[in-house]
Amino acid sequence: QVQLAESGGGLVQAGGSLRLSCAASGRTFSSYAMGWFRQAPGKEREFVAAISRSGGATSYADFVKGRFIISKDNAKTAVYLQMNSLKPEDTAVYYCAAKNLYSGAYYYTPRSVNEYDYWGQGTQVTVSS
């Protein structure tokens with residue numbers, strides 16, 4: 001089992017940057033593919049980015065391509081989301097998620113909410129215009 005804790009959210013002006021961090025507990029972090037999702041008020045939770053258990057593959061939602069970068073540090077058991085050129089429509093609660101792949105699937109990047117096994121509590125990101 002793994003526990004996830006996000007940090008790094010806050011208020012930023014449009015065009016600014018934030019770096020979200022997700023610290024994970026557990027000794028098998030390298031077995032997990034990791035993802036970032038977000039949920040705005042009144043909307044469903046949506047996929048933002050994912051990274052494979054090896055860190056060798058990444059996947060992004062179209063609306064963040066070229067602006068956000070996901071990275072994973074297996075030694076520090078952490079995953080990060082660097083968010084640049086932020087827009088007011090990026091305002092949401094951002095969640096970190098983990099999927100245990102046990103073995104194999106080194107380059108799999110899950111994109112669906114239902115694929116993930118564990119979730120953090122979320123961190124608020126607010127982008128002002």
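The values are calculated or read from the model by the stated rules, or taken from the named source; none is laboratory data. In this text, all values refer to a predicted model and were calculated from it rather than measured experimentally. Cβ sites come from the backbone with ideal geometry, for glycine too, and all protein chains shown count toward neighbours. These area figures cover heavy atoms from the full protein model, side chains too; ligands, DNA and RNA do not enter into them. Shrake-Rupley method; radii C 1.70, N 1.55, O 1.52, S 1.80 Å.
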Using a Gaussian network for the chain with springs between C-alpha atoms less than 10 Å apart, which of these wobbles most: SER112, SER21, SER52? SER112
ASP117 - accessible surface, heavy atoms, 1.4 Å probe, Å² rounded to 10: 80 Å²
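Quick one: net charge of GLY120's neighbours, Cβ under 14 Å, K/R +1, D/E -1? Before the final figure, lay out each step's value.
Values: positive: ARG38, ARG45, LYS99; negative: GLU6, ASP117.
Neighbourhood net charge equals +1.
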At R0 = 25 Å, FRET efficiency that the Cβ-Cβ distance of THR58 and SER129 yields, to 0.05: 0.30
What distance in nm separates the two pseudo spin-label positions at GLN3 and ALA23, each 7 Å out from Cα along the beta-carbon direction? 1.1 nm
GNM result for the chain, Cα springs below 10 Å: residue of SER103, SER59, SER31 fluctuating most strongly: SER103
Could you check the spin-label model distance between LYS65 and LYS87? Points 7 Å from the Cα along Cα→Cβ, value in nm. 1.4 nm
Using the Karplus curve 6.51 cos²θ - 1.76 cosθ + 1.60 with θ = phi - 60°, work out ³J(HN,Hα) for each residue of region 116-129 in order, rounded to whole Hz, and write x for Gly and Pro. 8, 9, 9, 9, x, 7, x, 9, 7, 10, 10, 10, 8, 8
TYR102 and ASP73 label points (each 7 Å along its Cα→Cβ direction) are spaced in nm at 3.1 nm
